[in-house]
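J.: Structure in structure tokens, see below.
What follows draws every value from the coordinates through simple rules; no lab data is involved. These numbers come from a predicted model, not from an experiment. Heads up, the Cβs are rebuilt from the backbone with ideal geometry, glycines too, and the neighbour counts pull from every protein chain shown.
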Ligand SMILES: [Zn+2]
């Protein structure tokens, strides 16, 4: 691949946009918080072809205010969170970030500005990535801005740079260095940490009171997002979620699912890695993934899933000799 091609591939990688260059989306109009359990609300993400994604968010009511898990990428996502919190009359008291990808942490910037006393619970991997992945990504964006001054994506690239420049807001006030119970605003939660899965520091949150598990990008639809992942150990790590007594699992991208849905996802993931290691074509492996996940990927999302898997993740991240992050096992 040419230098330009490698550059673009890297720029696009975290964006999951192997397709047209991503563009920023205006304030979300199709999102609203919906109750998924007592005192637990879900805000959908957004993930469509040609646009940068927003991850999902979950809001838990604590003793005095709200605990918000993940804050999305675009301004509209954080605005939805802010509107919900404001409308409730209770303050935002804590943020939890499942990992450092921009589609899960960028809303920290405006939300921490409005709620400066809010605690931030997250892995410290973001500190390393400020000088690692995010710094490299920023350089690539600067190169694009320099070389393509008339590109319609210029505003989106500038927004990405602004997010990266605000990355101090992604750093935890309360680091998650190990799994275990942690009480946030009077609400006891069980946190897990996986280092060799998706991002070098994947935090999941289980709420024993409602049996809701917020899995972050350990579970993503319409396909596993493999940009910074260690595929083999990620697949193995999914086994540890089986042991969590959840009734509802909220993925980092996609709709909440029950245990049967998660088991189907896990089996499909194993099948995808096995297919990628075998002689089947990228198209055949994609067909098998879609057959295995069934209605976890609705018909309307299948073309996008195919673009992502057949057009990018299989040839670029699962096959050949893709670069693996340092936190992946050799
Ligand atoms: Zn994500």
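J.: Per-residue counts of other Cβ atoms within 10 Å, averaged by peptide: what ranking do you get for 204-211, 271-278, highest first?
T.: 204-211, 271-278
J.: With springs connecting C-alpha atoms under 10 Å apart, model the chain as a Gaussian network and identify which of 121, 74, 146 has the largest mean-square fluctuation.
T.: 146
J.: Summing -39500 (n - 2.57) over the DSSP H runs of n ≥ 4 in the chain and dividing by its residue number, what mean residue ellipticity at 222 nm do you reach, to the nearest 500 deg cm²/dmol?
T.: Rounded to the nearest 500, the figure is -11000 deg cm²/dmol.
J.: Beyond 25 Å, how much of the Cα-Cα pair distribution for the chain remains, as a whole percent?
T.: That fraction is 47 percent.
J.: When only C-alpha pairs under 8 Å and at least 6 residues apart count, what is the relative contact order of the stretch 142-225, in percent?
T.: Dividing the mean separation by the residue count of the stretch 142-225 yields 14 percent.
J.: Please state the relative contact order of the chain as a whole percent: Cα pairs under 8 Å, 6+ residues apart?
T.: Dividing the mean separation by the residue count of the chain yields 15 percent.
J.: Can you tell me which of 217, 282, 202 moves the most in a GNM of the chain? Springs connect C-alpha atoms under 10 Å apart.
T.: Comparing 217, 282, 202 in the GNM, the peak value goes to 282.
J.: Name the most mobile residue of 220, 286, 143, meaning the one with the largest mean-square fluctuation, in a Gaussian network model of the chain with Cα contacts below 10 Å.
T.: 143
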